[in-house]
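The structure appears right after this line, and notes come after that.
Here, each number is a calculation from the coordinates, and none is a lab measurement. In this text, all values refer to a predicted model and were calculated from it rather than measured experimentally. Positions of Cβ are generated from backbone atoms using ideal geometry, with glycine treated the same way; all protein chains shown enter the neighbour counts.
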Amino acid sequence: MTALAERLATALAEVLVVDAESDGALTVTHDRTLASLRVVPIAEGLELVSLTQILAWDLPLTEALRRRAAEQADLSQLGSVTVVVKDAESADVLLRYNFPGSGLTDEALRTLVLLVLTKGVEIRDVLTA
């Protein structure tokens, strides 16, 4: 685990249950959503935090779902909303967000991750209402 990943795990463990996976990912749950975070080295001194949050599983694949997901994607500045078609009748919805973690304090890392996770919950609530 990189130093940034260790700092991220420690910072998040103050407010969330954090599981360190064998492949280096961190898994957290937030308000009935599941998220995976990875630290990705990009260049010397630059590491990105890549966050993928599962907002909903097995939703009926309808035009209304696609429209609401697109609306939420347009409104969100904290990530991209993706509808993952599983089959002709169902889909999962994900929120993905990448940000540079290098140079951020532990408090800033925790705050940014919590902002993204909370936005994901808000989007989930709209999509499943």
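See the values below:
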read-out	value
Percentage relative contact order, the stretch 3-129, counting C-alpha pairs under 8 Å, at least six apart	25 percent
Simple Cβ-charge dipole of the stretch 4-129, Lys/Arg +1 and Asp/Glu -1, about Cα centre, in debye nearest 20	260 debye
Charge context of Arg124, other residues only, Cβ under 9 angstrom, K/R +1, D/E -1	-2
Zone of Val121's modelled label, taken as backbone nitrogen in the stretch 27-59 under 16 Å from a point 7 Å along Cα→Cβ	28-36, 53-56
Rg(Cα)/(2.2 N^0.38 Å) for the stretch 1-72, N = residue count	1.38
Alpha-carbon centroids, the stretch 31-56 and the stretch 9-30: separation in whole Å	11 Å
Selection from Val15, Leu37, Pro60, by position along the positive dipole direction of the chain (Cβ)	Pro60
Nonlocal amide H pairs with Lys86, under 5 Å, H built at 1.01 Å	Ala91, Asp92
Loop GluC sites (Glu not before Pro), the stretch 9-98 (other Cβ atoms within 10 Å of the site Cβ: 12 or fewer; DSSP)	Glu14, Glu21, Glu44, Glu89
Amide H within-cut-off set for Glu47, under 5 Å, with H built and near neighbours excluded	Ile42, Gly101, Ser102
Charge sum, other residues only, whose C-beta stays under 14 Å from Val15's C-beta, Lys/Arg counted +1 and Asp/Glu -1	-3
Likely footprinting exposure, Thr52, Thr105, Thr27, fewest C-beta neighbours within 10 Å first	Thr105, Thr27, Thr52
Length added when fully stretched, Glu89-Ala3, from 0.36 nm per residue minus Cα-Cα	26.7 nm
Rounded tilt (10° steps) of 63-75 against the dominant C-alpha axis of the chain	40 degrees
